[in-house]
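Take a look at the structure set out below.
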Amino acid sequence: MQDTLILSIESSCDETAAAVVKNGREVLSNVIYSQIDIHTLYGGVVPEIASRKHIEKINQVVEEALRQAQLSLQDITAVAVTYGPGLVGALLVGVSAAKAIAFAAGKPLVGVHHIEGHICANYIDHPELKPPFHCLVVSGGHTHLVCVKDYGQYEILGRTRDDAAGEAFDKVARAIGLGYPGGPKIDRISNEGNPEAIDFPRARIEGSVYDFSFSGLKSAVLNYLNSCEMKGVAINRADVAASFQKAVIDVLVGHSMEAMEQSGEKIFAIAGGVASNTHLRAAMEQACEKRGITLYRPEPVFCTDNAAMIGVAGYYEYRNGVRHGWDLNAVPNLRLGDRI
């Protein structure tokens, strides 16, 4: 049986990435150009700057991905690319590059949903993992609790009503003076703090038990900081970070385990940038072990945005017969399960 080789491109936010994935599970190359140092100067991602950097780097990362995989474009079976959701300008760079490459090489074009890519990152480190299973996707822009029914078939059980978990991490980190990116910095400083020091709220949505809301928690942290400042009370940043982080993790783990108990499923996975948070991973491991649930999670390099995960998702989309035309466009608000 001939191998299926997917050249994949990811440019939905501030990482310019390209990879080559073999048969949906084996990563032959995974090249990432990160813009974190640039956007740190501004305290967050500046969309226009991100788009310009993607334009500068896209050809370089594609060429390097092919070089590391020791393949030419003619060896490639298909070209996969993230076409949503994400920053529209950033997405357009990747989509345009993928269309040009696929057209010039005479290869099929496969558009991939960014969240589907995060879910599929679990297949890289865990070749034994197969649907059905439940997955929590937590990143800077998304918080989704998903039932993975089959390859390419998803049911969203819950989603954030406002801020995503990663977005809340970034905003709270900025408020307590840690800077950008907030997630890793809060994760580190929390080791020095007391997670029980401050009782921040845990939100539940009436009538939608699996949905998330983090805007109230973020406001509670800001109100606490303002109150301390007005009263002249010293702020322990480590305690604030640890208490905030525990409130987020309690909700993420609680909703996830509630869904697992309700469904009777025994396989659970986490994905997305926040899935690399050491405290979340530890809490999820403990909760799953207590309930006899097998937990899967990608290595940290495959949690943050990368093209390998897009190549894996692209393989299963390609295998399911998904093909896109040269009119494929960026869809910044693309919903999981949508087809164009």
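The values are calculated or read from the model by the stated rules, or taken from the named source; none is laboratory data. Predicted model, so just to flag it, every value in this text is computed and none were measured. We place every Cβ from the backbone using ideal geometry, glycine too, and count neighbours over all the protein chains shown.
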Legend entry - Test: VAL62 is touching a Leu at 6+ places or on another chain (Cβ under 8 Å) and part of a helix (DSSP H, G or I): yes
Inset, instruction - For ILE293, indicate whether it is in contact with a Gly (Cβ under 6 Å, 6 or more places away or on another chain), among the hydrophobic types (A, V, I, L, M, F, W, C), in contact (Cβ under 8 Å) with a residue 12 or more places away in the chain and within 22 Å of CYS147 (Cβ to Cβ). - result: no
Inset, instruction - State yes or no: is SER34 out of contact with any helix residue (DSSP H, G or I) (no Cβ under 8 Å at 6 or more places or on another chain), outside the structural domain of ILE267 (by TED's automatic domain parsing) and of a type in the set (Gly, Ala, Ser)? - result: yes
Legend entry - Test: PRO300 is under 19 Å from the mean Cα position of the chain (by Cα), more than 23 Å from ILE156 (Cβ to Cβ) and of a type outside the set (Ser, Thr, Tyr): yes
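Looking only at region 285-322, count how many residues are in a loop (DSSP other than H, G, I, E, B) and surrounded by 14 or more Cβ atoms within 10 Å (Cβ to Cβ). Please lay out each step first, then the result.
The first filter runs over region 285-322 and keeps only residues in a loop (DSSP other than H, G, I, E, B), leaving 292-293, 297-299, 304-307, 320-322.
Pick out the ones that are also surrounded by 14 or more Cβ atoms within 10 Å (Cβ to Cβ) and you get 293, 297-298, 304-307, 322.
Adding up the residues that qualify gives 8.
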Inset, instruction - Name the single residue, out of those in region 220-246 being loosely packed, with under 14 Cβ neighbours inside 10 Å and among the small types (Gly, Ala, Ser), that is farthest from the chain's Cα centre (by Cα). - result: GLY232
Inset, instruction - Could you identify the single residue in ALA50, ALA104, ALA65 that is touching an Asp or Glu at 6+ places or on another chain (Cβ under 7 Å) and of a type in the set (Gly, Ala, Ser)? - result: ALA50
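For region 156-185, how many residues are farther than 18 Å from CYS228 by Cβ, outside any loop (DSSP other than H, G, I, E, B) and not basic (Lys, Arg)?
Count: 13.
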Inset, instruction - Would you check if GLY86 is surrounded by 24 or more Cβ atoms within 10 Å (Cβ to Cβ), assigned to a helix (DSSP H, G or I) and within 20 Å of the chain's Cα centre (by Cα)? - result: no
